[in-house]
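The values are calculated or read from the model by the stated rules, or taken from the named source; none is laboratory data. All values reported here derive from a predicted model rather than from experimental measurement. Every residue, glycine among them, receives a Cβ derived from its backbone with ideal geometry; neighbour counts consider all protein chains shown.
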Amino acid sequence: MYRILIATDGSLAANEAVQVGLELAAERSAEATVVVVHVVPAVDVLPWSGIGVPSAFPHEVGNADRKPLEDAERLAGMQGVTISTELLVGEPVDEIVAFADARDVDLIVVGSRGHGAFASAVLGSVSLGVLHETRRPVLVVREAKVAKLALVV
């Protein structure tokens with residue numbers, strides 16, 4: 001694996017995926033090319049407006065949208081891994097798969113919160129969507145239960 005795409009949304013599971021992707025790249029040292037992507041929505045939807053119907057407006061990219069990428073850059077720097085980052089706009093699954101195809105990556109690394117089948121069916125699952133939509137190898141990194149317990153304490 002030489003070209004690695006890591007998708008992040010800043011969640012614990014995504015941060016673990018970033019960590020694992022960077023470790024894989026570090027094993028390849030100078031041979032690996034790593035790009036970390038974060039996808040923001042093109043449109044923000046409010047549940048209802050003043051007259052009781054949903055309203056949508058274009059998403060304005062801000063500092064909060066860039067934070068997951070900045071966190072990944074910081075972590076990569078601490079590990080001595082050079083990365084590039086891209087902020088994408090649209091539906092996460094579509095954008096991740098299209099970007100992977102455009103860059104001809106060898107591996108896509110994504111996190112999974114492990115909601116289970118029912119919650120994934122209701123809420124949607126980016127990792128599951130990427131698995132179904134791409135023909136490229138995908139490494140799904142499950143959120144560690146230890147991390148959840150550490151936050152509760």
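When the residues of region 98-109 are filtered to those that are in contact with a Pro (Cβ under 8 Å, 6 or more places away or on another chain) and crowded, with 16+ Cβ neighbours inside 10 Å, the one that is nearest to Asp9 (Cα to Cα) is Ile108.
The residue that is farthest from the chain's Cα centre (by Cα), counting only those in region 88-97 that are of a type in the set (Val, Ile, Thr) and surrounded by 18 or more Cβ atoms within 10 Å (Cβ to Cβ), is Val97. Scan region 60-87 for residues that are surrounded by fewer than 11 Cβ atoms within 10 Å (Cβ to Cβ) and under 15 Å from the mean Cα position of the chain (by Cα) and jot them down. Ala64 - this is the single residue of region 60-87 that is surrounded by fewer than 11 Cβ atoms within 10 Å (Cβ to Cβ) and under 15 Å from the mean Cα position of the chain (by Cα).
Within 24 Å of Thr134 (Cβ to Cβ) and out of contact with any strand residue (DSSP E or B) (no Cβ under 9 Å at 6 or more places or on another chain), is that true of Glu23? Against the criterion (within 24 Å of Thr134 (Cβ to Cβ) and out of contact with any strand residue (DSSP E or B) (no Cβ under 9 Å at 6 or more places or on another chain)), Glu23 qualifies. Checking Val35, Val20 one by one, the residue that is under 13 Å from Leu139 (Cα atoms), surrounded by fewer than 23 Cβ atoms within 10 Å (Cβ to Cβ) and either touching a Ser or Thr at 6+ places or on another chain (Cβ under 7 Å) or not basic (Lys, Arg) (or both) is Val20 and no other.
Suppose we keep only residues that are among the aliphatic types (A, V, I, L, M) and modelled with pLDDT of 90 or more within region 106-127. Which one would you say is farthest from the chain's Cα centre (by Cα)? Taking the candidates together, the pick is Leu107. The strands (runs of 3 or more DSSP E) found entirely in region 1-105 that carry 2 or more residues being of a type in the set (Val, Ile, Thr) and modelled with pLDDT of 95 or more are 3-7, 33-40, 83-89.
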